[in-house]
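FYI, it's all coordinate maths here, none of it is from the lab. All values derive from a computational prediction rather than experimental measurement. Every residue, glycine among them, receives a Cβ derived from its backbone with ideal geometry; neighbour counts consider all protein chains shown.
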Ligand code: C2O
């Protein structure tokens, strides 16, 4: 293992998409940003220098950060933001992980353009548990707004209404055919050689849409999600939620030519989304660029069966070398109702004196002004409380008629877990405002998705159907529209760990909470002191 040094300069750069130009916040002037490469067991030092007018912080999404909570990155959770003109070195070691993850800004809506891939190779001399592909490519799916994203969300917060949706999706930074502008040059091209196999590391870095991904005429073999190996299976479509990653192998086994690659939205609810499809081209070497492209039809916007089929096919590899260490017993059994809601807002004229909010167990999380991890470590009182409810305060028929009073309570609450406790969280969607799929992300841990169902979770019968043998292990999971998902993990990482919906609009509205794991000072079970350059608030 070795130490890898990276420098991330956060700078404004002009980009032209959809026939118009605007300055965007980038890392090193790139969109998507640079790929961070490491091997399992490597130590990574990323010096982030802020050259823009916004406060920034960077999160290494899915990196476990064992005992390095100070390097996790969510602003006001594990660190104060890096202020304009300041810098911070994120210092962490990749432990027990290999595969594809992503890094992204974790403040305001900056991750719209401040994101990139994290590629963790196996230890030197260790092979993949599948035939070695001839080539590897990173495929970052994203979103593009014609307007400034910070203005979009600020306007929405003022009005109380939902923000505007993006204007296009992107594949490696380009919308493709949809744009029809010379500036977009027809989109991203993936060049392949006949007969060769390609490992595509597909990342959804979009803010607000789950995306289907497919390639005309080609079968995808899924081998890994969220940097954990799965039992390989073949499919023509994968579904990737914001924050999720999926590695697929595709073989250039068709007749030479050009094949359309598409990334299209999945939304099986009535919520407004950007329903544009991004396209790219799989281009066999030697094919004239003037030759026609073989098209593919994207799944329908509300293709729930396609989504379910993919999701239900995911299983941990659970081999001798990569066993699925599913907690068989549970010390803390939690039930979290995740939902949207409506709160009064006298100044919100556009929304008739109300505003859309979101909550977990009826708590709308209020961002503190001092990072929770600092407040915890230095015993700063009054920043957060430890009374986050482990169960809904007033149960109701979650997927039936919602109760008359939809008002949530504001709070900065954490749930305390003893070090090494085994935890089960059932995440239940509701019909308040609208049932909707919420991709929930947990920082600091991987979890096992042991169960999933539609309607209300039944604590008597549903646990009997849990898969405790080879459930998929990941860091971000979709709670199905009008349904629930059950996850299990071991709280073996001291720190303050954010859990939130990875649809950025829902995070903004308060669909977030945090776990606090710490058994006191001086052992593996507790936090190390912060680095000396930790930003101050
Ligand atoms: Cu990828 Cu808290 O986020």
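For this structure, a couple of remarks:
- For the stretch 130-315, share of DSSP beta bridges that run antiparallel, in % to the nearest 5: 75 percent
- Per-pair calculated FRET efficiency, R0 = 22 Å: residue 135 and residue 289 via Cβ, rounded to 0.05: 0.60
- Between residue 313 and residue 86, the distance separating the two model label sites (each 7 Å from Cα on the Cα→Cβ line) works out to 4.7 nm.
- Gyration tensor verdict on the stretch 419-537 (Cα atoms; rounded if a/c is under 1.5, prolate if a/b is larger than b/c, oblate otherwise): oblate
- Inter-label distance, nm, simple model (7 Å from Cα along the C-beta direction), residue 332/residue 253: 4.6 nm
- Modelled FRET efficiency - R0 45 Å, residue 273 with residue 528, Cβ distances, 0.05 increments: 0.60
- Label sites at residue 378 and residue 236, each approximated as a point 7 angstrom past Cα along Cα to Cβ, lie 5.8 nm apart.
- Convex hull per residue volume in Å³, alpha carbons only, for the chain: 144 Å³
- Subtracting the Cα-Cα distance of residue 146 and residue 181 from their residue separation scaled by 0.36 nm leaves 11.2 nm.
- Classified by the C-alpha gyration tensor, the stretch 130-315 has an oblate form. Its axis ratio a/c, with a ≥ b ≥ c, is 1.5 or above, and a/b does not exceed b/c.
- Antiparallel DSSP beta bridges within the chain, percent to nearest 5: 70 percent
- Relative packing of peptides 107-114, 461-468 - highest average C-beta neighbours within 10 Å first: 107-114, 461-468
- Of all DSSP beta bridges in the stretch 246-329, antiparallel share, percent nearest 5: 75 percent
- Among 333, 289, a tally of other beta-carbon atoms within 10 Å of each Cβ gives an order, fewest to most, of 289, 333.
- Counted by neighbouring Cβ atoms within 10 Å, the residues 191, 166 run from fewest to most as 191, 166.
- Span per principal axis, largest first, for the Cα atoms of the stretch 1-125 (Å): 47, 31, 19
- Debye log10 I(q)/I(0) at q = 0.25 Å⁻¹ for the stretch 481-537, Cα point scatterers: -1.09
- Among 457, 188, the order by Cβ neighbours within 10 angstrom, fewest to most, reads 188, 457.
- Residue-averaged [θ]222 nm for the chain, counting only DSSP H segments that reach four residues, each worth -39500 (n - 2.57): -1500 deg cm²/dmol
- Full-extension gain in nm, residue 196 to residue 454, via 0.36 nm per residue minus C-alpha separation: 88.8 nm
- Here r is the Cβ-Cβ distance between residue 405 and residue 468 and R0 is 41 Å; the resulting FRET efficiency, rounded to 0.05, is 0.60.
- Whether the stretch 332-517 is rounded, prolate or oblate, judged on the alpha carbon gyration tensor where a/c under 1.5 counts as rounded: oblate
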